[in-house]
Amino acid sequence: MDNLKGKLISRRKVIKIGAIASTALALGIFPGRIVKADASSDAPKNPKQLGFKYDQEKCIGCRVCQAACKDANEWEEGTEWRHVLTGKSGNFLSISCNHCDKPACATVCPVKAYTKRDEDGIVIQDREKCVGCKYCMYACPYHAPQFSYDTGRISKCHFCFERQENGEKPACVHRCPTGALTYGELTTIQKSKGAVSQLEGLPNPELTKPSLIIIPKA
Amino acid sequence: MHWHWLIVIYLFLGGLGAGAYLTSFAAEKGWLGKNSSLSRVGYFIAAPVVAFGTILLVFDLGQGLTKPWLLIRLLANFSSVMTWGVYILSAFIMVGLLKGYFAFTNKTAPNIISWAGAFLALATGAYTGLLLSVIGAVPFWNSGLMPILFVTSALSTGLSVTALLAPWVEKNFKEGREGEAHVYLIGAELIIVAIFFGMMNSGVYGPVGKESAALVISGVYSLVFWGYFIGLGLLFPLVIFTRQYLHSKQSEKQLAKEPSLAAKESSEAVQKGHHSYLTIVTDISVIVGGFALRAIIILAALPIWDGVTIP
């Protein structure tokens with residue numbers, strides 16, 4: 001029996017197991033996830049990329065942006081295209097789709113319901129094409145794609161592209177009473193004083209390169 | 001958490017069917033010993049099992065039953081791993097059915113069909129893991145190990161389901177080297193799982209990956225993890241199959257040394273023992289463990305940001 005055991009765990013097997021283990025270890029590490037957070041100065045691929053600018057100092061948390069969006073875009077039951085979040089210190093953040101430079105939703109959507117427009121970088125989701133697989137809900141780090149159990153499909157902020165085409169501002173920006181929420185070409189708003197692209201605890205902007213500029217409360 | 005049990009079952013069945021095909025493929029090639037009895041049953045069940053899982057997936061789609069014509073566009077986005085999956089699964093189901101037909105009628109299938117099926121089976125198993133591993137916003141999934149883990153589990157559960165069904169289907173069932181294959185697969189899976197959770201838990205995948213790992217190792221899913229997956233799915237079968245493997249090795253030796261009647265009888269007893277209730281229970285245990293793994297991976301997926309918390 002002893003002799004048998006000695007044979008069962010031969011040197012070759014030990015090497016084999018070692019090879020499996022080290023391959024596994026290497027594969028676990030490879031997709032470079034240790035990405036550095038950096039300032040908002042990263043230029044988008046598209047120089048005409050539009051983005052939202054949110055000034056934390058000016059926001060009073062009235063949620064009119066949310067209501068304006070809901071009115072203008074007739075949110076489907078159970079969806080919220082824009083959120084106003086409250087932090088522990090009483091700070092707010094108004095956030096919707098960030099029309100990312102690298103939109104993960106568009107990459108993973110199997111039916112190509114998402115398109116990123118060449119003219120302004122707006123990411124538009126066509127709900128008529130959506131099959132409701134919810135893959136984009138996992139892919140988007142900002143919870144922008146919203147699923148309605150009522151209609152069985154995803155919808156999300158489209159930057160009021162139709163209003164913009166008619167020369168109007170996006171509904172949320174238009175109705176913000178304090179000017180906390182504005183928008184513009186990303187390369188321009190990135191130059192605002194104190195602009196950052198990430199708050200602590202929010203996803204690393206390297207993941208999708210969001211077109212959102214935040215001016216945090218000093 | 002947007003995906004639930006239907007997706008868990010779909011991922012599990014995708015792996016099970018792929019593993020069953022590869023088991024019969026290995027048996028047919030003689031890799032599981034001479035005249036292995038596992039060379040047909042895996043082919044019979046592979047395509048139907050994967051097809052059934054795919055049908056379940058349709059029920060999970062928001063538009064699966066209301067606007068099914070939209071599903072044709074699932075073939076549209078070549079940058080989406082899900083689109084790759086639709087191609088891989090469709091191809092595997094077709095080739096698998098063809099190969100199953102050849103196996104059922106005891107005809108020899110053209111080599112190209114057998115190999116194409118084996119390649120697609122491997123792709124199916126890997127796809128179920130790759131689907132998750134490309135999601136950067138879910139740190140628990142975002143590991144290159146995911147496809148490897150899923151393929152290993154697919155092979156292990158596929159071997160078990162084939163070994164479980166073969167004695168009923170095949171008249172002269174004969175034990176091959178499947179016990180040995182079981183030991184290697186489960187051993188490999190244990191190593192991969194240890195490295196995966198070790199890395200998750202040490203924070204290599206960020207604080208949220210660590211949080212997910214904690215849910216599994218010591219949180220709400222710890223019973224499913226330690227009990228169903230590690231205990232029933234890996235350790236228990238590892239002990240049983242290793243024991244059987246050692247016994248059969250020993251009796252083989254005995255038989256070679258003194259080919260007496262008594263030794264022959266004892267060798268036959270060992271052989272018989274392999275089709276015992278214990279083997280059946282162990283194979284079922286492996287399959288339950290494979291299912292528990294898919295459930296844990298889907299249910300413990302936390303987003304990189306919860307969408308609510310700001311400083």
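The values are calculated or read from the model by the stated rules, or taken from the named source; none is laboratory data. This is a predicted model, so every value here is computed, not measured. All Cβ positions, glycine included, derive from the backbone under ideal geometry; neighbour counts span all protein chains shown. These accessible areas exclude ligands, DNA and RNA; they are computed on the full protein's heavy atoms, side chains included. Shrake-Rupley method; radii C 1.70, N 1.55, O 1.52, S 1.80 Å.
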Estimated FRET transfer efficiency (B:Ile113, B:Leu223; beta-carbon r; R0 45 Å; 0.05)
0.55
Within the stretch B:1-44, whose backbone N sits under 12 Å from a point 7 Å along Cα→Cβ of B:Glu211?
B:1
Theoretical ellipticity at 222 nm over chain B - DSSP helices of four or more residues, -39500 (n - 2.57) apiece, nearest 500
-23500 deg cm²/dmol
Chains B and A: how much accessible area gets covered up at their contact, both sides added, probe 1.4 Å, in Å² to the nearest hundred?
4700
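How high is the relative contact order of the stretch A:50-215? Use alpha-carbon pairs under 8 Å, at least six apart in sequence, and give a whole percent. Mind dumping the intermediate values first?
Numbers: 308 pairs, mean separation 57.2, N = 166.
That works out to 34 percent.
Take every Cα pair under 8 Å in chain B that's 6+ residues apart, average their separations, divide by the length, and report that relative contact order as a whole percent.
Working: 457 pairs, mean separation 73.5, N = 311.
RCO, chain B: 24 percent.
Can you name the helices of chain B, as whole DSSP H runs, whose Cα span along the helix axis is 27 Å or more and whose Kyte-Doolittle mean is not below -1.0? Kindly include the intermediate steps, with their values, before the conclusion.
Numbers: long enough: B:5-28 (34 Å, 1.45); B:41-60 (29 Å, 1.96); B:81-104 (33 Å, 1.61); B:111-133 (33 Å, 1.30); B:145-169 (36 Å, 1.64); B:178-201 (33 Å, 1.21); B:236-257 (32 Å, -0.50); B:277-299 (32 Å, 1.96).
In chain B, the long hydrophobic H runs are B:5-28, B:41-60, B:81-104, B:111-133, B:145-169, B:178-201, B:236-257, B:277-299.
What is the Rg over Rh value, at two decimals, for the stretch A:174-218, using alpha-carbon atoms and the Kirkwood definition of Rh? Present the calculation step by step, with values, prior to reporting the outcome.
On the way: Rg = 11.4 Å, Rh = 11.8 Å.
Rg/Rh: 0.97.
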In order over the stretch A:104-121: 3J(HN,Hα) from phi, Karplus 6.51/-1.76/1.60, θ = phi - 60°, whole Hz, x for each Gly or Pro, gives 5, 4, 5, 5, 8, 4, x, 9, 6, 6, 9, 9, 9, 6, 5, 5, 8, x
Pick from B:Thr66, B:Thr54, B:Thr242: which is most flexible by mean-square fluctuation in a GNM of chain B where alpha carbon atoms under 10 Å apart are linked?
B:Thr66
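Largest first, how would B:Trp305, B:Trp168 line up by accessible area (1.4 Å probe)?
Details: B:Trp305 10, B:Trp168 190 Å².
The ordering from most to least exposed comes out as B:Trp168, B:Trp305.
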Percent accessible area from carbon and sulfur atoms, the protein assembly as shown, protein chains only, probe 1.4 Å
64
Which of A:Val196, A:Phe147, A:Cys130, positive extreme of dipole for the stretch A:50-215 (C-beta unit charges):
A:Val196
Check A:Leu85: other-chain or 5+ apart residues with amide H under 5 Å from its amide H, H built from backbone geometry?
A:Leu93, A:Ser94, A:Ile95
Check: C-alpha center the stretch A:114-161 vs C-alpha center the stretch A:53-110, spacing in Å is 13
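Considering Cα pairs under 8 angstrom that are at least six residues apart, work out the relative contact order of the stretch B:1-144 and quote it in whole percent.
Values: 178 pairs, mean separation 38.7, N = 144.
Reported relative contact order: 27 percent.
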Could you state the accessible area per residue of the stretch A:50-215 in Å², with a 1.4 Å probe and every protein chain left in place?
40
